[in-house]
Structures are given as structure tokens and as C-alpha cells.
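Structure first, then comments.
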Amino acid sequence: MPRPESPSLASRAVGAGAWTVGSRLTAKLIDLAMLLCLARFLGPAEFGLVAMAMAAVFIIEALFDLPMAAALIRVPELTADMLHTAFTLSLLRGLLVALLLIGAAWPLAAFNDEPRLVSLLAVLALAPAMRGLVSPRMVEFARAFNFRPDAVTELSGKAVAFVVSVSIAATTRSYWAIAAATVCAPLVATLMSYVMAPLRPRLTLARWHYFSSLIGWNFVSQLCAALNWQIDRLLLPRFTTAPAFGQYAMGKQVSEIPMQALLQPLSRPAMPALASAGAARASRYLQFSHAISLVMAPVLGLLLLWPEVMVRVALGPAWHEAAQWLRWISAVALLSLPTVLMGALAMTLDRTRWVAVRTLIELLVRAPLVWLGAAQFGIPGAIAGSAVATLAGMVSTLFIVRRLIAVSLAAQLMTLLRPLLATLPAGALLWLTKPVVMAAPGLVGLLAWSVFIGLLYLLLFALSAWVAWHLAGRPAGLEQHVFDKVRARFARTRAEARTRPPGRAMGTHAK
């Protein structure tokens with residue numbers, strides 16, 4: 001019997017992307033549910049306090065981030081020494097990050113005039129230490145486009161963190177509930193990783209040279225990326241009150257949920273797919289970029305046009321000020337969509353210095369503009385500075401990608417065109433119906449109208465995207481993949497209906 005043909009690389013990558021999106025979306029729904037519960041028990045001041053501490057955690061942790069998965073994915077064959085070296089480097093990195101966070105606790109507390117940051121950072125330092133102990137054998141699943149074990153470990157950690165944090169918040173009304181969730185999730189995920197990918201680690205640096213080329217430039221790029229991401233959270237507490245900063249931090253946290261739930265899992269299958277694409281790398285890059293824009297455009301459009309509805313439904317009236325910040329942060333995020341895959345592309349080509357160049361350019365623009373904007377105009381000034389910096393990062397990314405794989409600037413920007421055009425009629429529906437939804441009596445009425453109009457919005461976007469795809473000549477990409485899957489499903493259903501016995505089809509059985 002001939003061996004069945006294996007699925008194409010593109011199909012495997014799209015399938016893996018669908019699985020990772022589903023699992024990450026589930027994880028973020030757990031995060032969202034936890035956020036909604038905590039928002040009912042805690043106020044803006046508590047969230048603002050934790051946001052101050054988490055800014056330092058994100059920056060220091062990203063400063064020493066080691067792209068172990070990227071390094072292990074690109075090697076032709078995994079060996080035991082590579083896995084043990086990866087574990088040793090991750091362990092050392094986690095310990096170093098924890099020590100630096102403990103050391104930075106006192107200066108940060110003095111800078112923000114907030115003594116509670118000392119003990120809070122000491123506890124939060126446990127999270128990166130736990131993440132440094134994850135089994136490196138988990139990368140074997142990623143090399144095979146199997147992201148189910150990653151989903152199991154992540155969802156296990158999220159579920160435990162939800163139960164623990166909500167229980168603490170309900171009983172104490174303390175910001176320690178947020179800290180508990182931050183520590184519990186990586187602890188449980190790390191333990192589960194050894195259940196899914198057993199490994200008896202051994203401390204060694206025998207295969208250091210496999211990781212050294214990535215680590216050098218990665219240090220610069222991760223530092224700049226972390227500062228780009230967190231510099232507003234570092235500076236704004238100096239120029240705003242704790243409740244106002246808490247409103248802004250909540251708005252930004254809500255805006256980051258779809259970015260983390262959709263962008264990160266969509267990007268993960270892109271790296272192995274680009275690494276093995278060969279001569280088709282340029283076309284594969286454009287297809288993945290378009291797919292990301294197609295998924296993200298309606299989500300960001302919802303946050304941009306309906307922030308008041310989203311905040312009122314999810315967080316309650318106490319957080320109404322967060323809606324305006326959610327709108328403008330989401331608008332800035334739209335500018336970053338064409339830049340998402342540049343990092344994965346550069347790593348597969350072993351040209352990580354270009355990631356450092358891009359993030360450095362963005363940081364050099366962002367740091368002074370956010371500082372000046374925050375000092376002169378508060379939160380609106382900081383958002384305006386971030387918008388200019390994001391635009392600068394997008395332009396530099398377009399030129400870098402053209403240098404790496406000879407894709408024109410116009411071709412890169414065109415990956416965003418059809419998704420944006422499809423968003424226009426769907427966005428008009430949101431804009432016209434917002435007064436009706438906001439006037440709904442009570443939370444139940446508001447929720448019912450929001451779900452109904454939201455489903456119509458997504459349906460209208462899908463229809464508009466399908467029309468735009470047909471008008472463009474039905475090019476290969478995510479639309480073609482979905483169309484083929486739906487057509488194959490209908491064909492199987494019709495074939496089964498034709499071959500089904502008449503008595504069975506009528507729900508009767510011959511005596």
C-alpha cells in the first residue's frame with residue numbers, strides 16, 4: 001500500500017497556528033476572567049501599584065531573555081548535551097533575574113515613593129526563576145508542529161492562578177492577589193512541562209556555542225523591546241496620581257490581551273515554517289503577515305470603536321476612564337501589525353542584529369518623546385509619543401525586511417490593505433449602534449445587545465473579507481485555506497448523505 005502523502009508545510013503551519021491560537025485564546029480568556037473578577041474586588045490604586053512593580057519585572061526579565069526555543073528549533077538534530085546546556089543557561093538566567101529584581105526593589109520604591117514595592121518585588125522575583133526551570137525538551141513538540149503539550153502546561157498554570165488569585169482577592173481585597181497569580185502560573189506550568197517532556201537535567205555548558213550567536217544580539221534587542229513596551233509604565237507614575245495611572249494601566253492591559261492571545265501564537269508556527277521555506281521564504285512571509293493582519297484587524301477595530309462598551313461590560317462603571325486610553329492604545333497597535341514577523345524572519349536567517357537595530361531605533365524615538373509628552377501633557381502626551389515611535393519602528397522594519405528577503409515596501413504594506421478595507425463596513429456597524437447599546441438598561445441588557453451586535457460585526461467582517469479576497473483574484477493565503485477546509489467539509493457531508501441507507505437517513509430501522 002503506498003504511503004499517504006504528508007501534508008504540506010503551509011498546511012501544517014496553518015494548522016499549528018490554529019491550534020496555538022485556540023489554546024492561547026483560551027489562556028487569555030482565563031486571564032480576562034481573572035482580570036474581571038479582580039477588578040470587582042480591587043480598585044485602580046491596587047492595579048497601579050502592581051503595574052509599577054511589573055514594569056521592572058518585564059524589563060529585567062526581557063533584558064536577560066534567552067531565545068532557547070529559537071536556537072533549538074533551527075539546529076538539524078537535537079542532542080542531550082544541547083538540552084542540558086539550554087537548561088543550565090535558563091536556570092542561570094532565572095536566578096540572575098531574580099537577584100536583580102530583589103536588588104532593584106529599594107531604588108524603585110524610592111523613585112516612586114512607594115515602600116510597598118520592596119516586598120512586592122521580592123515575591124514577584126520568584127516568577128522568572130520558575131520560568132527558568134521549564135523542561136527544554138518541550139521544544140521537540142514545536143519542531144514537529146505539535147503545540148498541544150505547550151497548551152496543556154500553559155492552561156494548567158492559568159487555571160491554578162485563577163483559583164488562587166480570586167480566592168485571595170475575595171477574602172483580603174489585597175493587591176497580593178495579583179502577585180499570587182503572577183507566581184502560581186509559571187510554577188504550575190514548569191511542573192507540568194516535566195510531565196509532558198520528562199528530562200533529568202544535568203548542569204553543563206558543553207554546547208554553549210550553539211546559543212552564543214543568538215544571545216549577543218538578543219541581549220540588545222530584548223532590552224530595547226522591553227523598554228519600548230514598559231517605559232510608559234515606568235515614567236507615568238511620576239506625573240500622574242495612582243488612581244489615574246491605574247486606569248491607564250488597566251486600559252493598556254486590556255489592549256494587550258488580544259495581542260498576546262492571537263499575535264504570539266500566530267507567530268510561533270511562522271518561525272519553523274520560514275526556516276524551512278527555502279526559495280519560497282518571501283512569499284511565505286507575506287502570506288503569514290497577511291494572515292496576522294486578517295485576524296487582528298477586526299479585534300483591534302472592536303477595541304478602537306467600542307471601548308466604552310467593552311469597559312462597561314467587562315470592568316464596570318468604576319473603570320470608565322480606562323476606555324479612552326484603551327481606544328488610543330489600540331489605534332497605536334494597528335501601526336505595529338506589519339512588523340510582527342520581522343523578528344522570526346531575522347532569527348531564521350541568523351541575522352538577529354537587525355532585530356536589535358529596529359528596536360534600538362524605536363527606543364531612541366520613544367524614550368525622549370514619552371518622557372516629554374508625559375511631563376507636559378500626562379497620559380495623552382505619553383500615548384502620542386508612543387504612536388510616533390511605533391511609526392518609526394514600522395518604517396525601519398519595512399526597510400529591514402526588504403534588505404533581508406528582497407520584498408518591496410509596497411508588498412509589505414499591501415498585506416494590511418484587504419483586512420483594513422474589510423473592517424470599514426463592520427466598523428460602521430459598531431459606530432452606528434454604539435448609542436443604542438450604551439442606552440441598554442442594566443448589565444443584562446447591555447450584555448445581550450453587545451453579544452448580538454458583536455456577532456453581526458464579525459459576520460459582516462468575514463463577508464467583507466471574502467468579497468475582498470475574490471476581487472483580489474483569490475490569492476493563496478489564509479482565506480484560501482479556510483475556503484478549502486469549508487468546501488472539503490461540505491463535500492464530505494454530501495458524500496456521507498448520498499451513501500447513507502434510506503432507512504437510516506429517515507431515522508427508521510427495518511424490522
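Restricting VAL451, VAL437, VAL355 to residues that are part of a helix (DSSP H, G or I), touching a Ser or Thr at 6+ places or on another chain (Cβ under 9 Å) and under 20 Å from VAL311 (Cα atoms) narrows the list to VAL437. The single residue among LEU430, LEU424, LEU416 that is under 21 Å from the mean Cα position of the chain (by Cα) and in contact (Cβ under 8 Å) with a residue 12 or more places away in the chain turns out to be LEU416. Among the residues of the stretch 111-129, which ones are surrounded by fewer than 21 Cβ atoms within 10 Å (Cβ to Cβ) and modelled with pLDDT of 85 or more? Result: PRO115, ARG116, VAL118, SER119, ALA122, VAL123, LEU126.
Working only within the stretch 256-292, note down all residues that are surrounded by 24 or more Cβ atoms within 10 Å (Cβ to Cβ) and hydroxyl-bearing (Ser, Thr, Tyr). Of everything in the stretch 256-292, those that are surrounded by 24 or more Cβ atoms within 10 Å (Cβ to Cβ) and hydroxyl-bearing (Ser, Thr, Tyr) turn out to be TYR285, SER289. Take the conditions at pLDDT below 70 and surrounded by 22 or more Cβ atoms within 10 Å (Cβ to Cβ) and apply them to ALA53. Does it pass? In short, no. With respect to the conditions (1) free of Cβ contacts under 8 Å to residues at least 12 places away in the same chain; (2) farther than 30 Å from LEU369 by Cβ; (3) not aliphatic (A, V, I, L, M), PHE399 lacks only one, and its number is (2).
Note on the stretch 158-181: among residues that are of a type in the set (Ser, Thr, Tyr) and crowded, with 19+ Cβ neighbours inside 10 Å, the one that is farthest from VAL57 (Cα to Cα) is SER165.
Residue count for the stretch 56-89 satisfying the condition of being modelled with pLDDT under 80 and touching a helix residue (DSSP H, G or I) at 6+ places or on another chain (Cβ under 7 Å): 19. Taking residues in the stretch 182-197 that are assigned by TED's automatic domain parsing to the domain that holds LEU35 and surrounded by 21 or more Cβ atoms within 10 Å (Cβ to Cβ), and partners anywhere that are acidic (Asp, Glu) and in a helix (DSSP H, G or I), the pairs with Cβ atoms closer than 7 Å and at least 6 places apart or on different chains are ALA189/GLU154.
The values are calculated or read from the model by the stated rules, or taken from the named source; none is laboratory data. Computed from a predicted model, the values in this text were never measured in an experiment. All Cβ positions, even for glycine, are placed from backbone atoms using ideal geometry, and neighbour counts span all protein chains on display.
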